[in-house]
Structures are given as C-alpha cells and as structure tokens.
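*Asks:* Below is a structure I'd like to ask you about.
The values are calculated or read from the model by the stated rules, or taken from the named source; none is laboratory data. Everything quoted here is computed from the prediction, not taken from an experiment. So basically every Cβ, Gly included, is an ideal-geometry build from the backbone, and we count neighbours across all protein chains shown.
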Ligand code: SF4
C-alpha cells in the first residue's frame, strides 16, 4: 500500500483485475449457491413452524401451495442470515456451559395416527452439571421489533409473532419423546443489531395444541384432494371477513367473498400517473438490486481509512463527521403503499 497516497487521503484499493475477478467470482458463487436453495416446486407438507399464522384456515394452503413462487435472492439472504444468528447463539450457550442436543432433528405432529405436520428442531439445551434439559427455539429480529417484545403478552398481541407461541406448542408435541422435561420450552430472541438476548418461558398449552392439530389435519387432508375438491375446500374455508382479508397479501388470488375494497378515488383516466406507476413497476427490481449492491460497496468502503480513493474507473470520496441526535417533532405522517393487482409477497 502506498503510504504517501494514504497520507494525502488518496488510496488505490486493489480492485484492479485480480480484485474484480474475486468480486465477480464471489458474487457468481453465491448466486449459484442461492439458486440451489430456491425450491421452485411446492413442498406438500404442513410446517409446524408456521401452522399458527394467521387465524385464517386457508392462508397456509394458499401461500405454500396454490401460489408458491421461488424465493428471491434477497429473501434467501435473509434466511441465511437468520441461520447464522441461530448458530451464533448456540455457540455462545455452549461456551457458557450448555450442551446443544438434537440439533436440526426432524419430527412430526401426529393426529389420529397420521402425520399432519413436520417440524425441524433448533435444539434441546442441556445444562452441563445438572443435566437438566429444555427445548429451545431461537429467533433473531430487527432491533425495533426486539425492543417491543418484553413479555409473552407483547408477542401474543402481534399476529405475526404469536406464531412463535404456536410453533413452540407444535414442537413440544412433535419432539415429546425426546424431552425429559415436557411442560414448557424456551424462546430465545436475538437482537440482530446489538446481539442482545431475551428469553421467554412458554408453558405447554394442551388446548392450543389440539386446535393446531385440527387445523393441520384439515389442511393435510385438503392437500390429498383432487383439484376440484380442493377448490370446494378453499371456498368453504374463506373467512370472508373484510377486516381480516383486506390486510392479507393473498386477497387478490384468494378472491374472498367480501364487498370490493372501498376505493375513495378512481383516477383511471389520469394517464400520466398510470404510466408512471407502470414505469415504477418496471424499474422496481433494478432499484432493489441497486440498493443491495450500493449497500455492499459502502459497507466495504467504510472499513478503509481514506478521504479520496481511485478504484478502477471511479473516484470515491468519504466524509466523516459527528451526527448530533435529534427528536423529530410531532407532525402528520403520510405513507403511500403501492401494490400491483395480483401481486403476492413472499
Ligand atoms: S384473503 Fe381472507 S380468506 Fe383469503 S387467505 Fe387471506 S385472510 Fe384467508
């Protein structure tokens, strides 16, 4: 490295041919790794991890089978990140004197002698000196969500996070024979921003387990039906409740039997706005890809001490300074969400 250039605030980073080759290779290796992870074909099993969410009986069926799409790279990156957070917590607990037993064990929820859901265990923690054991499920989340989760009540109040409660109930059932202690389990939350942990003890809830078994059995038998029968099944279970359905990602493909969403404004005729929305949809994917690459470049550059750098064909400048904290004054907030007709989120 040229010390004088560094002193003058100019740094030639080694991104010439070998650097570029490495970057291209890393990116294409990861792309092919993630392509293998992208399961296009639906997997015809009810998953104990998401059986509880949401209360609508057919949501899982629609999400996982009827309108299943391959995951985007960004979603797979998030899954992979979640796995790494889980491994980090396990390593920490092992260093702190616990054994992590039955890692990634597969299990089944049975109802009337039939497997109705499959489960995949994080671990059973064993305290090394007493040999006490307890089932443990590890979840990582953004700092803003983590800060809101301070009691079991906070979790159950959120339809999304209440599924962790149901997941643990289903796991207590699926892994019953591997558990010396069967009365409850630990949910361990990890803050992705600062690595802090929170722990919740969740007691076994036999009533909820029975409800979940009925739900899983119902979906399971629908999966074995021929297509026309499945349509009848779906029609019979649509909640058809505007308050629930209008928040659902699957409103358009599911077609619940509710009055059309009340639209207060119809600007079909305003061509420029419709055209802009079409243009916006076209560049959306490119914008997301830009944001992903931009973040990687800037994260990499933040690690280097420089003011001005020549990197390949680009001059990059870095300014650093102190940002004073401030509170945003109260005021009206306007948010606009745009969804294409028929668009389904992952
Ligand atoms: S639109 Fe309504 S009925 Fe259809 S999956 Fe969503 S919540 Fe269930």
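*Asks:* Can you tell me which residues in segment 256-270 are out of contact with any helix residue (DSSP H, G or I) (no Cβ under 9 Å at 6 or more places or on another chain) and either within 8 Å of the ligand (Cβ to nearest atom) or modelled with pLDDT of 75 or more (or both)?
*Replies:* Residues satisfying the conditions are 264, 265.
*Asks:* Quick one: residue 243 ticks every box in (1) within 13 Å of the ligand (Cβ to nearest atom); (2) under 30 Å from residue 119 (Cα atoms); (3) surrounded by fewer than 11 Cβ atoms within 10 Å (Cβ to Cβ) except a single one, so which number is it?
*Replies:* Going through the list (1) within 13 Å of the ligand (Cβ to nearest atom); (2) under 30 Å from residue 119 (Cα atoms); (3) surrounded by fewer than 11 Cβ atoms within 10 Å (Cβ to Cβ), residue 243 breaks only (2).
Every residue, every condition in (1) at positive phi; (2) in contact with a helix residue (DSSP H, G or I) (Cβ under 8 Å, 6 or more places away or on another chain); (3) assigned to a helix (DSSP H, G or I); (4) buried (at least 17 other Cβ atoms within 10 Å of the Cβ), yes or no:
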| residue | (1), (2), (3), (4) |
| --- | --- |
| 71 | no, yes, no, yes |
| 76 | no, yes, yes, yes |
| 87 | no, no, yes, no |
| 90 | no, no, yes, yes |
| 104 | yes, no, no, no |
| 116 | no, yes, no, yes |
| 125 | no, yes, no, yes |
| 131 | yes, no, no, no |
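*Asks:* Kindly indicate the residue of segment 218-240 that is touching a residue at least 12 places away in the same chain (Cβ under 8 Å) and touching a strand residue (DSSP E or B) at 6+ places or on another chain (Cβ under 9 Å) and also farthest from the ligand (Cβ to nearest atom) among those meeting that condition.
*Replies:* 220
*Asks:* Taking the condition of being within 6 Å of the ligand (Cβ to nearest atom) and touching a residue at least 60 places away in the same chain (Cβ under 8 Å), how many residues in segment 246-255 meet it?
*Replies:* Of segment 246-255, the ones within 6 Å of the ligand (Cβ to nearest atom) are 248, 250-251, 254.
With touching a residue at least 60 places away in the same chain (Cβ under 8 Å) added as a condition, the list becomes 248, 250, 254.
Qualifying residue count for the region: 3.
*Asks:* Looking at 303, 255, 298, which is the one that is surrounded by fewer than 11 Cβ atoms within 10 Å (Cβ to Cβ) and either under 30 Å from residue 61 (Cβ atoms) or more than 21 Å from the chain's Cα centre (by Cα) (or both)? First the steps, then the outcome.
*Replies:* Details: 255 fails: surrounded by fewer than 11 Cβ atoms within 10 Å (Cβ to Cβ); 298 fails: surrounded by fewer than 11 Cβ atoms within 10 Å (Cβ to Cβ).
Answer to the selection: 303.
*Asks:* Take residue 308 and decide whether it is surrounded by 12 or more Cβ atoms within 10 Å (Cβ to Cβ), more than 30 Å from residue 19 (Cβ to Cβ) and either more than 16 Å from the ligand (Cβ to nearest atom) or modelled with pLDDT of 85 or more (or both). Reasoning before the result, please.
*Replies:* Working: surrounded by 12 or more Cβ atoms within 10 Å (Cβ to Cβ): yes; more than 30 Å from residue 19 (Cβ to Cβ): no; either more than 16 Å from the ligand (Cβ to nearest atom) or modelled with pLDDT of 85 or more (or both): yes.
Here the answer is no, as residue 308 does not meet what is asked.
*Asks:* Mind listing whichever residues of segment 194-210 are part of a helix (DSSP H, G or I) and surrounded by 14 or more Cβ atoms within 10 Å (Cβ to Cβ)? Quick ask: steps written out before the conclusion?
*Replies:* Step one: of segment 194-210, the residues part of a helix (DSSP H, G or I) are 206-210.
208, 209 - these are the residues of segment 194-210 that are part of a helix (DSSP H, G or I) and surrounded by 14 or more Cβ atoms within 10 Å (Cβ to Cβ).
*Asks:* Something else now. Filter segment 148-162 for residues that are crowded, with 16+ Cβ neighbours inside 10 Å and in a loop (DSSP other than H, G, I, E, B); which is farthest from the chain's Cα centre (by Cα)?
*Replies:* My answer is 149.
*Asks:* Residue 188: away from the ligand (no atom under 14 Å from the Cβ) and either in contact (Cβ under 8 Å) with a residue 40 or more places away in the chain or on the phi > 0 side of the Ramachandran plot (or both), yes or no? Let's see the steps before the verdict.
*Replies:* Details: away from the ligand (no atom under 14 Å from the Cβ): yes; either in contact (Cβ under 8 Å) with a residue 40 or more places away in the chain or on the phi > 0 side of the Ramachandran plot (or both): yes.
Yes, satisfied.
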